[in-house]
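Student: Questions regarding the structure given below will be posed in turn.
The numbers here are math on the coordinates, done by the rules we state, and not lab data. Predicted model only: the values in this text are computed from it and were never measured. Here Cβ is always computed from backbone atoms with ideal geometry, including for glycine, and neighbour counts include all displayed protein chains.
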Amino acid sequence: MTSSATEDSISSIKAEALERLSAATDQDSLERWRVEFMGRKGRLTGILRNLGSLAPEERREAGAAANRLKGELEAAFEAQSALNKRAASSAPTDAIDVTLPGRKTRPGRLHPSTQMIREMLAAFNEMGFQTVEGNEVELERYNFDMLNIPADHPARDMQDTIWINRERVGADGGILMRTQTSPMQPRTMEQQDPPVRIVSPGKCFRIEATDATHEWQFHQVEGLAVDEGLSFADLKGTLYEFARRIFGADRKVRFRCDFFPFVEPGVDMSIDWNGRWVEILGAGMVHPQVLRNVGYDPEKYTGFAFGVGPERVAMLKYGIEDIRHFFNNDLRFLSQF
Ligand code: YSA
C-alpha cells in the first residue's frame with residue numbers, strides 16, 4: 001500500500017466512524033463500534049499495523065495521520081459514552097408495576113388547634129351561638145378603645161402589642177395585630193341589634209416571653225350574648241355546660257374574680273390539671289360603657305362575654321405539657337391528632 005492510499009483510507013474510516021458513532025446511542029452498540037474501529041482486529045488498528053510496509057518517508061506522514069485519527073476517535077468515543085450514560089439516567093424508567101399491591105398513603109389532617117376550635121364551636125353552636133369571623137389585623141379603636149381600654153389605661157400593658165402602625169389616625173387609632181378576639185364584640189354589635197349570640201374564633205398575637213403555657217401567637221374563641229334580662233347565672237350556666245361537653249362531667253372547674261375593663265364583674269375560669277388549676281378563659285358581664293359605645297341601651301340590655309384559649313383547652317384535654325408544640329411544626333407531635 002502507498003502512503004496516499006493509506007491517507008485515503010484514514011479519512012474514509014474517519015468519516016464512517018464518526019457517522020456511525022453518533023448512531024451508537026446505547027452502550028451495546030457503542031461497544032460494537034469500538035471493536036469494529038479500534039479493537040485489536042479493528043480497522044484503524046489494521047492501518048497502524050500496515051505502516052511497517054511503507055517506505056520510511058511515507059511511514060512518518062501516514063503514521064502521524066493514523067495516530068491523530070486514533071486520538072480523535074478515542075475522544076469521540078468517551079464523549080458518546082458520557083452522553084449515553086446521562087441519557088440513560090434521566091430516561092423515564094418502567095418503574096410502575098400495576099400488579100403490585102397498593103402502598104399505605106399518609107393523608108394530611110387538620111392542625112390540632114383547628115380541630116380543637118371546631119369542637120369548641122360545635123359545642124357553642126349547639127347552645128345557640130352563631131359563628132362569625134374577624135380580622136387578624138385590627139384597628140386600635142376596636143381592639144382597645146371601644147372595649148373601654150383608652151390609650152393610657154394600664155390594662156394595655158398586659159397585652160404587649162405588635163403594631164403595624166403605632167400612630168393614631170382619627171378615631172380608628174393605630175393598626176395592630178389583634179391581641180385578643182374581643183374586638184369582634186363591638187364589631188358585631190355595631191352591625192346588629194340585640195339579641196346577639198355569637199362565637200368568633202381566630203388568631204391573636206402578643207409580645208410574650210414564651211413558656212409552657214404562653215405563646216406569642218395563639219388562638220382564642222370569643223363569645224358574646226346580649227339580650228334583655230341576661231344575668232351572671234347565664235354566663236356561669238353557659239361556661240359550665242361548655243366545660244362539661246369538652247372535658248366531661250367529672251372534671252373540676254373553678255371561677256375566680258378577674259379584671260377586664262370591658263366587663264363588670266369579671267372572672268376567669270380554670271380547669272383542674274392533676275391538682276393544679278390552669279386558666280382557660282376570661283369572661284364577665286359586658287360593661288355598660290361598652291354597650292353605650294355601640295349605641296345599645298344598658299338600661300334595657302345586659303350581656304355576658306368570654307374569651308377561651310383553644311390551645312390551653314387542648315393541653316388540658318389531651319395532657320400536652322407544653323404549648324410551644326403547637327407551632328413548632330414537628331410531625332411527631334402533629335400526627336398524633
Ligand atoms: C375577657 C372578658 C370578656 O368579656 C371577653 C373576653 C375576655 C378575655 C380577654 N379578651 C383576654 O384576652 N383575656 S386573657 O388575656 O386572659 O386571655 C384569655 C385566654 O386566652 C386565656 O385564658 C388563655 O386561654 C388564652 N391565652 C391568653 N394569652 C395566651 C393564651 N394562650 C396562649 N398563649 C398566650 N400567650
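Student: Count of lysine pairs in the chain with Cα atoms under 22 Å apart, counting only pairs 8 or more residues apart in sequence or on different chains?
Tutor: 8
Student: Over the chain, calculate the relative contact order: mean separation of alpha carbon pairs under 8 Å at least 6 apart, over the residue count, as a percent.
Tutor: Numbers: 512 pairs, mean separation 47.9, N = 337.
The value is 14 percent.
Student: Could you compute the FRET efficiency for residue 264 and residue 118, with r as their C-beta to C-beta distance and R0 at 22 Å, rounded to 0.05?
Tutor: Approximately 0.10, to the nearest 0.05.
Student: Could you compute the net charge surrounding residue 225? Neighbours are other residues with a C-beta less than 9 Å from the C-beta of residue 225; K and R count +1, D and E count -1.
Tutor: That sum, taken over residues with Cβ under 9 Å, equals -1.
Student: Let me ask something additional. Can you work out the FRET efficiency for the pair residue 300 and residue 256, with r the C-beta to C-beta distance and R0 = 25 Å, to the nearest 0.05?
Tutor: Once rounded, the FRET efficiency stands at 0.25.
Student: Would you kindly derive the ³J(HN,Hα) couplings of segment 144-152 from the backbone phi angles with the Karplus curve 6.51 cos²θ - 1.76 cosθ + 1.60 (θ = phi - 60°), listing them in order in whole Hz, with x for Gly and Pro?
Tutor: 10, 4, 5, 9, 6, 10, x, 4, 9
Student: Per q in 0.19, 0.21 1/Å, what log10 I(q)/I(0) does a Debye calculation on the alpha-carbon atoms of segment 104-231 return?
Tutor: -1.14, -1.27
Student: Tell me, what is the percent relative contact order of segment 249-337, built from C-alpha pairs under 8 Å that lie six or more residues apart?
Tutor: In percent, rounded to a whole number, it is 19.
Student: Taking K and R as +1 and D and E as -1, what net charge do the other residues with C-beta under 12 Å from the C-beta of residue 168 add up to? The partial results should precede the final answer.
Tutor: Working: positive: 141, 166; negative: 140, 145, 167, 172.
Combined, the nearby Lys, Arg, Asp and Glu give -2.
Student: Could you give the length gained by full extension between residue 333 and residue 72, i.e. 0.36 nm per residue of separation minus their alpha carbon distance, to one decimal place? List each step's numbers first, then the result.
Tutor: Working: separation 261, 0.36 × 261 = 93.96 nm, distance 6.20 nm.
That pair, residue 333 and residue 72, stretches by 87.8 nm at full extension.
Student: If you project the alpha carbons of the chain onto the principal axes, what extent comes out on each, in Å, largest first?
Tutor: Ordered largest first, the chain gives principal extents of 127, 53, 35 Å.
Student: Continuing with this model, one more query. Between segment 304-324 and segment 242-281, what's the alpha-carbon centroid distance in Å?
Tutor: Each part reduced to its Cα centre gives a spacing of 11 Å.
Student: Further question: So what's the net charge close to residue 184: Lys and Arg +1, Asp and Glu -1, counting the other residues with Cβ under 12 Å from its Cβ?
Tutor: -3
Student: Okay, next question. Under unit Cβ charges (Lys, Arg +1; Asp, Glu -1), what dipole magnitude, rounded to 20 debye, does segment 122-170 have relative to its Cα centre?
Tutor: The dipole magnitude comes to about 120 debye.
Student: Another question, if that's okay. Contour minus end-to-end for residue 79 and residue 109, with contour as 0.36 nm per residue of separation and end-to-end as the Cα-Cα distance?
Tutor: On the way: separation 30, 0.36 × 30 = 10.80 nm, distance 5.05 nm.
Stretched out fully, the residue 79 to residue 109 stretch lengthens by 5.7 nm.
Student: Pick out, from 64, 76, 111, the residue whose Cα sits farthest towards the positive end of the charge dipole of segment 1-115, with +1 on the Cβ of Lys and Arg and -1 on the Cβ of Asp and Glu.
Tutor: 111
Student: How large is the charge dipole for the chain, taken about the Cα centre, if only the Cβ atoms of Lys, Arg (+1) and Asp, Glu (-1) carry charge, to the nearest 20 debye?
Tutor: On the way: 42 positive and 50 negative charges, 305 e Å.
Once rounded to the nearest 20, the dipole reads 1460 debye.
Student: What list of whole percents do you get for P(r) of segment 34-170, with Cα-Cα distances grouped in 10 Å bins up to the one holding the largest distance?
Tutor: Spelled out bin by bin, segment 34-170 gives 8, 15, 12, 10, 7, 8, 9, 8, 10, 9, 4, 0 percent.
Student: Additional query: Return the long-range amide H neighbours of residue 174 (sequence gap of 5 or more, or a different chain), with a cut-off of under 5 Å between placed amide H atoms.
Tutor: Here the answer is 140, 141, 169, since their amide H atoms fall under 5 Å of that of residue 174.
Student: Can you tell me the relative contact order of segment 166-322? Whole percent, Cα pairs under 8 Å, sequence separation 6 or more. Numbers along the way, then the final one.
Tutor: Values: 276 pairs, mean separation 36.0, N = 157.
Dividing the mean separation by the residue count of segment 166-322 yields 23 percent.
Student: Compute the whole-percent fraction of alpha carbon pairs in segment 7-103 spaced more than 18 Å apart.
Tutor: 55
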